[in-house]
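This report concerns only the one structure given below.
The values are calculated or read from the model by the stated rules, or taken from the named source; none is laboratory data. Being a predicted model, the structure only gives us computed values, none of them experimental. All Cβ positions, glycine included, derive from the backbone under ideal geometry; neighbour counts span all protein chains shown. Note: areas computed on protein heavy atoms with side chains; ligands, DNA, RNA excluded. Shrake-Rupley method; radii C 1.70, N 1.55, O 1.52, S 1.80 Å.
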Amino acid sequence: MVLLRCRDYDPGRVQRAVAEALDASGWTPPRGRVLVKPNLLRAAPALSCTHPQVVRAACAWLLDHGCALTVADSPGFGTARGVAEAIGLAESLRPLGLSVVPLDDAVQVPLSFGGSIGVARRALEADGVLSVPRLKAHSQMRVTLAVKNLFGCVPGVRKAFVHTRHGDRGHRFEGALVEVAAALPPTAALLDGVEAMHVTGPGSGKPYPLGLVGASASGVALDSVICGLLGLTPAQVPLWAELTRRGAPGALPGEADLVRETPDAFDARGFEVPGVLKPMSFRPGTLLRSTVRRLWAAWRS
């Protein structure tokens, strides 16, 4: 896997950094259709979403490698097209002949601890997936990275119902995230850490100029390296802890083979994460408010 320095979102600089990172990541994109999965949380602030230049650069690299692309997400609030227009992603992709489409039409995937979870057919039927998250603090998960970003493959309000049904019941919610990722086609990761979100998140934190682009054929390995770079341990990051409990390849610190920069090339000393995490479970009133907010945001966009 690869860590590279990239000090800002200048289009040429981002294109060079992303291409170099993906070239050296060890990932060979599949021949066929690749789903590019950015993090499109909501229309504002733009810091809550993957930066458009990082997504555009990833798409340009994949097109150069002969891939057919689908760029898609299911935002927490609003629609995929509405969020993409609001943050400038739609405009960035138009010269490539691409647009953003929704992840909907769920297929039920069984969970190991009972029940099932709806995962978007577009994601399940792709030949490969590139998760393109933005590095952000998270009020429930402490940080959100490549594996958590794949939870966006669960369409619409189903995500809120997963919180309500499985949150704070042992490790079921984290387990559901791991099993969603495992149900998908082979997945690689490209991390936007040029300007991260810290203090809180995933939608209302503060900018942190980390100046980092990371890429790996394994989202698990990339996440564990970034968590280590931030000075975190599995015990502090619920999803990382679940990945280590399940023995996911790449989850243990020190397993990843790094090329280019090492973690100590990046100054994360001022990066703040939430000290006390909020409950993962949504109470009935919280679920109702969340559903109304999602529907209102979708109607407005």
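The table that follows gives values for the structure above.
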{"quantity": "Qualifying residues in region 23-54 (those that are among the charged types (D, E, K, R) and closer than 21 Å to VAL119 by Cα) - the one surrounded by the most Cβ atoms within 10 Å (Cβ to Cβ)", "calculated": "LYS37"}
{"quantity": "Every pair of residues 6+ apart whose Cβ atoms lie under 7 Å, when the first sits in region 216-241 and is of a type in the set (D, E, K, R) and modelled with pLDDT of 95 or more while the second is open to solvent by less than 30 Å² (accessible area, probe 1.4 Å) and not in a helix (DSSP H, G or I)", "calculated": "ASP223/LEU145"}
{"quantity": "Count of residues meeting criterion [within 20 Å of PRO45 (Cα to Cα) and open to solvent by 50 Å² or more (accessible area, probe 1.4 Å)] in region 55-113", "calculated": "4"}
{"quantity": "Criterion: more than 23 Å from LEU232 (Cβ to Cβ), in contact with a Cys (Cβ under 7 Å, 6 or more places away or on another chain), touching a residue at least 12 places away in the same chain (Cβ under 8 Å) and in a strand (DSSP E or B) - qualifying residue of VAL119, VAL194, VAL109", "calculated": "VAL119"}
{"quantity": "Enumeration of residues in region 11-28 that are out of contact with any helix residue (DSSP H, G or I) (no Cβ under 6 Å at 6 or more places or on another chain) and on the phi < 0 side of the Ramachandran plot", "calculated": "GLY12, ARG13, ARG16, ALA17, GLU20, ALA21, ASP23, ALA24, SER25, TRP27, THR28"}
{"quantity": "Counted residues, region 149-169 - those being part of a helix (DSSP H, G or I) and not hydrophobic (A, V, I, L, M, F, W, C)", "calculated": "8"}
{"quantity": "Scan of region 225-241 for residues that are assigned to a helix (DSSP H, G or I) and either of a type in the set (A, V, I, L, M) or open to solvent by 10 Å² or more (accessible area, probe 1.4 Å) (or both), ordered by number", "calculated": "VAL225, ILE226, GLY228, LEU229, PRO234, ALA235, GLN236, PRO238, LEU239, TRP240, ALA241"}
{"quantity": "Verdict on LEU288 being open to solvent by 70 Å² or more (accessible area, probe 1.4 Å), at pLDDT below 95 and in a helix (DSSP H, G or I)", "calculated": "yes"}
{"quantity": "Members of region 138-161 that are open to solvent by 10 Å² or more (accessible area, probe 1.4 Å), within 28 Å of GLU272 (Cβ to Cβ) and more than 13 Å from the chain's Cα centre (by Cα)", "calculated": "SER139, GLN140, ARG142, LYS159"}
{"quantity": "Residue in region 163-173 that is at pLDDT 95 or above and either among the acidic types (Asp, Glu) or closer than 26 Å to THR28 by Cβ (or both) present", "calculated": "no"}
{"quantity": "Count of residues meeting criterion [open to solvent by 20 Å² or more (accessible area, probe 1.4 Å) and closer than 24 Å to PRO30 by Cα] in region 186-200", "calculated": "2"}
{"quantity": "Output for region 40-97, where each listed residue is within 21 Å of ASP127 (Cα to Cα) and among the aromatic types (Phe, Trp, Tyr)", "calculated": "TRP61"}
{"quantity": "When residues of region 242-285 are limited to those that are touching a His at 6+ places or on another chain (Cβ under 8 Å) and of a type in the set (A, V, I, L, M), the one surrounded by the most Cβ atoms within 10 Å (Cβ to Cβ)", "calculated": "VAL273"}
{"quantity": "Enumerated strands (runs of 3 or more DSSP E) restricted to region 28-106, each holding at least 3 residues that are at pLDDT 95 or above and within 24 Å of MET197 (Cα to Cα)", "calculated": "33-38, 68-73"}
